[in-house]
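Q: Have a look at the structure that comes next, please.
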Amino acid sequence: MKLDRAKGAPRTGAQHLAAQAYDWRMATPDPAPSDPRARENEAFWRNYLENYKRAQGMARPFLSRMPSNPRCLLCGSPFHGFGGGLMKMIGKAQSSVNPRMCNQCENVMLKHHGGAEVPCSMLFADVRGSTALAETMSAEEFRNRMDRFYAAASGAVFANNGVVDKFVGDEVVAVFAPMLGLDHPSRAVAAGLELLRATGHADPVGPWVPVGAGVHTGQVWFGVVGEGGHVELTVLGDPVNTTARLASQAGTGELVVSAAAATAAGLDTGLERRSLDLKGKAQATEVVTLRVDGA
């Protein structure tokens, strides 16, 4: 989720991928702001993220169903079509700096620099064997295939009241925060399963693109990072790393869910559990694996 005042345009996919080539933990901001402005921003984010407002939770699904795409990744407001016209009447329009956000959400991000630690659920999902897949088709065909994956992922996330944090190469990163409903663990799991169905993993002929995914729940830092005119809305912390590692362990058509997320989501306690040794983790992580193909 990029806002770049200096360049006046969002980063390209290649630039975005390069920018993400670091350990998420290295970017974790100071959890204890000392200056008054930082404390004020932290209070704003904590109130915004933790005090679930039913009106807020109801508005986003409504806005995200209005025609038509593209739409704001935060509030779900449409930019085009009939819905886009209505949004313009109330002062909402596509940002000229970041076309994935509306001007009103962008202004909030720029005004309240900072964030807060809150419980969130994350979904990571990526295309398996994308390099080999690209070798079997033209560059244009591969772009169309990836665009179709991005659309399917966005649809699954929005349908379950989540926020698409970013697309990194062949991967989607989504966040399910408490301000859109305290049931964020079950929404993250539902979005992961919906994405597997949308990509054809429940179809007898098999998927049109192979996808594996992971879901985890934990205490993360959610807010705005960056300086000056360039800011990014994101989540940081060890649970984010864990979710990425879970997704990397998922096979094609699998949704690997941590035991913490499975319990919080109310999944069947009779599901088979196993332990995974995740890269960079001192202890094994207990997980359950879900599929939509009946295997």
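Q: Given (1) in contact with a strand residue (DSSP E or B) (Cβ under 9 Å, 6 or more places away or on another chain); (2) farther than 25 Å from residue 198 by Cα, where does residue 281 come up short, assuming only one miss?
A: Evaluating residue 281 over (1) in contact with a strand residue (DSSP E or B) (Cβ under 9 Å, 6 or more places away or on another chain); (2) farther than 25 Å from residue 198 by Cα leaves (1) as the failure.
Q: Inspect the range 190-199 for any residue being touching a helix residue (DSSP H, G or I) at 6+ places or on another chain (Cβ under 7 Å) and more than 17 Å from residue 290 (Cα to Cα) and give the result as yes or no.
A: Residues of the range 190-199 touching a helix residue (DSSP H, G or I) at 6+ places or on another chain (Cβ under 7 Å): 191, 194-195, 198-199.
Imposing the further condition that a residue be more than 17 Å from residue 290 (Cα to Cα) reduces the set to none.
No, that holds for no residue.
Q: Would you point out which residue out of 254, 194, 227 is touching a strand residue (DSSP E or B) at 6+ places or on another chain (Cβ under 9 Å) and not hydrophobic (A, V, I, L, M, F, W, C)? Full working, then the answer.
A: On the way: 194 fails: touching a strand residue (DSSP E or B) at 6+ places or on another chain (Cβ under 9 Å); 227 fails: touching a strand residue (DSSP E or B) at 6+ places or on another chain (Cβ under 9 Å).
Answer to the selection: 254.
Q: Still on this structure: Pick from the range 61-96 the residues that are in contact (Cβ under 8 Å) with a residue 60 or more places away in the chain and closer than 25 Å to residue 42 by Cα: which of them is surrounded by the most Cβ atoms within 10 Å (Cβ to Cβ)?
A: Ranking the qualifying residues of the range 61-96, first place goes to 73.
Yes or no, residue by residue, for (1) farther than 14 Å from residue 224 by Cα; (2) at pLDDT 75 or above; (3) in a loop (DSSP other than H, G, I, E, B):
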| position | (1), (2), (3) |
| --- | --- |
| 18 | yes, no, no |
| 44 | no, yes, no |
| 59 | yes, no, no |
| 67 | yes, yes, yes |
| 82 | yes, yes, no |
| 92 | yes, yes, yes |
| 96 | yes, no, yes |
| 99 | yes, no, yes |
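Q: While we're looking at this one, here's another question. Take the residues of the range 202-216 that are in contact with a strand residue (DSSP E or B) (Cβ under 7 Å, 6 or more places away or on another chain) and under 12 Å from residue 291 (Cβ atoms): which is surrounded by the most Cβ atoms within 10 Å (Cβ to Cβ)? Don't jump to the end; show me each part of the working.
A: Our first condition is that a residue be in contact with a strand residue (DSSP E or B) (Cβ under 7 Å, 6 or more places away or on another chain); within the range 202-216, this holds for 209-216.
Now narrow it down to the ones that are under 12 Å from residue 291 (Cβ atoms): 211-213.
Working: 211: 29, 212: 23, 213: 31.
Of everything passing the filter in the range 202-216, 213 is surrounded by the most Cβ atoms within 10 Å (Cβ to Cβ).
Q: Here is a follow-up. Pairs, please: C-beta under 7 Å, at least 6 apart or cross-chain, first residue closer than 18 Å to residue 294 by Cβ and without any contact (Cβ under 8 Å) to a residue 24 or more places away in the chain and in the range 243-262, second surrounded by fewer than 21 Cβ atoms within 10 Å (Cβ to Cβ) and among the polar types (S, T, N, Q)?
A: If the second residue must be surrounded by fewer than 21 Cβ atoms within 10 Å (Cβ to Cβ) and among the polar types (S, T, N, Q), no pairs are left.
Q: Right, another one. Could you tell me which residue of the range 104-143 is nearest to residue 226 (Cα to Cα), considering only residues that are crowded, with 17+ Cβ neighbours inside 10 Å and polar (S, T, N, Q)?
A: Checking each candidate, the answer is 104.
The values are calculated or read from the model by the stated rules, or taken from the named source; none is laboratory data. Only a predicted model underlies this, so the values are computations on that prediction, with no experimental measurement involved. Every residue, glycine among them, receives a Cβ derived from its backbone with ideal geometry; neighbour counts consider all protein chains shown.
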